Amino acid sequence: MNNVSDYVKSLDDVESTLNRFQEMVSKYTFMQQNVERRQQGLKEKLPEMTNTLETVKFLKRKRSQALKQTDAGEDGLDDELGTKRKANDTLETTFSLQDTLYAKAVIKPAELDEVYLWLGANVMVAYPLDEAEELLQGKLDKAKESIKIAAEDLDFLRIQITTLEVAIARVHNWDVGEKRRLKAEGKLTQPEPEED
């Protein structure tokens, strides 16, 4: 706001202009809080999303290795665990059911065709490994993009809030200056002080 007189024509306009600007600051602040909350929620989900994607990739590698050993009759060495395994061997793992509750599972990598993913709202869906990886990678990429967009939105909102706060200060200063000028010219009368 370069020129206060674009918004305020007389002393009567000051209060309504200040109220309008203050209302806009409140709206932008509310929007800022919502975007910050959304961004924080996404940031909190990223580690779990990444971990789930890495688990699916790990299972795909194990399945591929198990199938290669079965097809090619390899020596059965497990590169990742450093132990000798047969193609029909199992993989024992512990997985999280909740923050402090874990369960054990025994997996036969050669027989692993699909994984079950929680989609939210108590919905679990079975996906083939390739589709699960594609879905999870897409969701992870979308979450990262949403975080980036939220950061840009926050920058915009901060600029708008700062601009409006400066405009409020300018209107207030204009009001004080205008009252002083009118008082010096004798055109402004002071209201009588109220007596108790």
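The values are calculated or read from the model by the stated rules, or taken from the named source; none is laboratory data. None of these values were measured; they are calculated from a predicted model. Note that we place each Cβ from the backbone using ideal geometry, even for glycine, and neighbour counts take in every protein chain shown.
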Margin query: Given the criteria closer than 30 Å to GLU145 by Cβ and either in a helix (DSSP H, G or I) or modelled with pLDDT under 85 (or both), does SER26 qualify?
Written below: yes
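Results for (1) surrounded by 13 or more Cβ atoms within 10 Å (Cβ to Cβ); (2) modelled with pLDDT of 80 or more; (3) out of contact with any strand residue (DSSP E or B) (no Cβ under 6 Å at 6 or more places or on another chain); (4) assigned to a helix (DSSP H, G or I), shown as yes or no for each residue.
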residue	(1), (2), (3), (4)
MET1	yes, no, yes, no
THR17	yes, yes, yes, yes
GLU36	yes, yes, yes, yes
LEU42	yes, yes, yes, yes
ASN51	no, yes, yes, yes
ALA66	yes, yes, yes, yes
ASP71	no, no, yes, yes
GLU92	no, yes, no, no
Check: Is there a residue in the range 168-179 that is small (Gly, Ala, Ser), touching a residue at least 12 places away in the same chain (Cβ under 8 Å) and within 19 Å of LYS27 (Cα to Cα)?
Finding: no
Margin query: Kindly evaluate PHE21 against the criterion of being assigned to a helix (DSSP H, G or I) and either exposed (fewer than 12 other Cβ atoms within 10 Å of the Cβ) or on the phi > 0 side of the Ramachandran plot (or both).
Written below: no
Check: Do we have LEU136 as closer than 22 Å to PHE58 by Cβ and either touching a strand residue (DSSP E or B) at 6+ places or on another chain (Cβ under 7 Å) or modelled with pLDDT under 95 (or both) here?
Finding: no
Item checked: Every residue from the range 127-167 that is in contact (Cβ under 8 Å) with a residue 24 or more places away in the chain and among the basic types (Lys, Arg) -> LYS139, LYS144, ARG158
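Do you know which residues across the range 92-124 are of a type in the set (Ser, Thr, Tyr) and closer than 28 Å to GLN69 by Cα?
To start, the set of residues in the range 92-124 that are of a type in the set (Ser, Thr, Tyr) comprises 93-94, 96, 100, 102, 116.
Matches in the range 92-124: THR93, THR94, TYR116.
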Notebook entry, point to check: Got a number for residues in the range 20-51 being within 12 Å of the chain's Cα centre (by Cα) and among the acidic types (Asp, Glu)?
Noted result: 2
Check: Is it true that some residue in the range 167-185 is modelled with pLDDT of 85 or more, under 30 Å from ARG37 (Cα atoms), of a type outside the set (Val, Ile, Thr) and part of a helix (DSSP H, G or I)?
Finding: yes
